[in-house]
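Structure record follows, encoded as structure tokens.
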Amino acid sequence: MISPVDGFVEDLGTITEEKNILVKGQLFSIRKMLGNDQAFEKYIDGVFMIIYLSPKDYHRIHSPVSGQVISQWDLGGKSYPVNKWGLKYGKSPLSENYRKISEIECNGVHVVLAKVGALFINSVTLTHENEFLEKGEEIGYFSFGSTVILLFEKDSFKANGNIKNKSIKMGQKIGVLVQNLLNNMIE
């Protein structure tokens with residue numbers, strides 16, 4: 001499993017039964033971010049990772065795994081800042097901003113790649129739609145800074161060391177998927 005973008009890992013943790021994640025002192029609804037109750041249910045007790053892209057970061061988005069895009073959808077309207085101040089004091093930008101959601105299946109394991117638009121820009125452009133993706137292959141780009149949120153099913157992802165609150169680069173190993181939710185690990 002590789003990082004799909006250059007950015008800063010704002011948070012990494014467990015998707016709780018309360019269906020919210022705590023980021024910079026604010027609660028955000030993963031259910032609302034996904035806008036799809038059926039998709040959300042399979043990620044309860046799984047792992048979330050929030051990666052913030054600043055204006056200086058490389059803004060291409062790449063697939064974190066090799067797999068089939070099984071579903072994609074758009075949600076939200078205008079966008080508010082997604083930097084640390086926007087997350088702390090804003091109007092729930094991770095669950096309200098314009099976003100493109102992709103669900104990818106990799107050897108029976110599902111991964112959500114949510115691309116959240118930044119401050120009034122709403123410019124998330126996909127370069128692939130509903131195709132098989134190779135790990136590291138470009139799938140889209142932001143025209144200006146934004147945030148990527150990864151969701152993993154319960155017992156399907158193990159983070160690579162302590163990456164929370166650290167800068168990462170696209171293609172950098174961020175963890176491993178557990179194939180078929182067992183202990184057979186794949187990269």
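The values are calculated or read from the model by the stated rules, or taken from the named source; none is laboratory data. Quick caveat: nothing in here was measured; it's all calculated off a predicted structure. Cβ atoms come from the backbone with ideal geometry, glycine included; neighbour counts cover every protein chain shown.
Key figures for this structure:
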read-out: Residues of the stretch 2-34 satisfying the condition of being surrounded by fewer than 16 Cβ atoms within 10 Å (Cβ to Cβ) and either hydroxyl-bearing (Ser, Thr, Tyr) or at pLDDT 90 or above (or both); value: 14, 16
read-out: Residues (assigned to a strand (DSSP E or B) and at pLDDT below 50) located in the stretch 169-187; value: 184, 185, 186
read-out: Of all residues in the stretch 112-147 being of a type in the set (Phe, Trp, Tyr) and farther than 20 Å from residue 2 by Cβ, the one that is modelled with the highest pLDDT; value: 144
